[in-house]
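What follows is a set of notes on a single structure, which appears directly below.
No lab work stands behind these numbers, since they all come straight from the coordinates. Worth saying up front: this structure is predicted, and the values here are computed from it rather than measured. Here the Cβ is made from the backbone with ideal geometry for all residues, glycine too, and neighbour counts use every protein chain on show.
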Amino acid sequence: METIGFIGGGNMAEAVIKGIITARIYPPENILVSDIKQDRLQYLANTYQLRTTTDNAEVSRTVDILVLSIKPQIMPDALQGIKGNISPDTLIISIAAGILIRKITDVLGHLPVIRVMPNTPALIGTGASGVFANDQAKPMLRKAQRITDAIGITVFVDTEDMIDSITATSGSGPAYFFLLMEEMTKAAVELGFDQDTARKLVIQTAKGAALLADFSDDDPGELRRKVTSPGGTTEAAIKVFNDENFGQIVNKALNRAKQRSIELSK
């Protein structure tokens, strides 16, 4: 059976590890993780019964799929440390934000590389991942999809620059919803609720709205119209959003996030 290795054992790596073990894609004994933090490795070993090491080169030369799950700023040093240790048949999956595939292949050679942009709901198995593969990796896309499907949904893009759009939409997207929830909670407290009650009401409302949108055949615009009675309370609130150009604010925010993603990739 194939083996999979992770260089970097942080939260997103753990989300993937948990997902692939739960989905029985890989058994724990076929998973190898390297990290510089011994306490983190001990935690992963105790929690998931997988194998660990502090040697990145050991991981890179012994696995069939290598996941680069490290912070972008340490990627150059990590790539230099594993250069020459990777089989030409090894599939490399990078979940490091802002790292172009060519930055990986310039160091490691023309290997099959798939770039994945997940998001934080992957931590509870409800993530959204954007995926792009170079030509060498396209025949291996199914392998990557099995992994990303284990932590949520998978969306494929045809060009690498669309990863910047994925970053702006779903990669950074949870924070947009958290911001709305944060401000709604503050407003609810001002309306007379205590903090705990306000938080519960807002979170349950957000959860219910998301689930309703997921299960309904109607698009979000139609769902909004169905709860917006003429002359009612919802219409009064929506009018405030529209008067303040809410749609333009959202559009501007996502475009700025995309531009920043492009800037960080250079």
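A compact table of results
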{"read-out": "Karplus-derived 3J(HN,Hα), 6.51/-1.76/1.60, for each residue of the stretch 89-96, Hz, glycine and proline x", "value": "8, 6, 8, 9, 10, 9, 10, 7"}
{"read-out": "Contact order normalised by residue count of the chain, Cα under 8 Å, 6+ apart, percent", "value": "14 percent"}
{"read-out": "The chain - mean residue ellipticity at 222 nm from DSSP helices (-39,500 (n - 2.57) per run, n ≥ 4, rounded to 500)", "value": "-16000 deg cm²/dmol"}
{"read-out": "Cut-off under 5 Å, modelled amide H: who pairs with ALA137 long-range", "value": "VAL113"}
{"read-out": "Most to least packed among 37-50, 58-71, 222-235 [average Cβ atoms within 10 Å]", "value": "58-71, 37-50, 222-235"}
{"read-out": "Percent of beta bridges antiparallel (DSSP, the chain, rounded to nearest 5)", "value": "15 percent"}
{"read-out": "Dipole magnitude of the stretch 168-266, debye to nearest 20 (Cβ charges: Lys/Arg +1, Asp/Glu -1, about Cα centre)", "value": "380 debye"}
{"read-out": "Gap separating the Cα centres of the stretch 1-18 and the stretch 157-178, nearest whole Å", "value": "22 Å"}
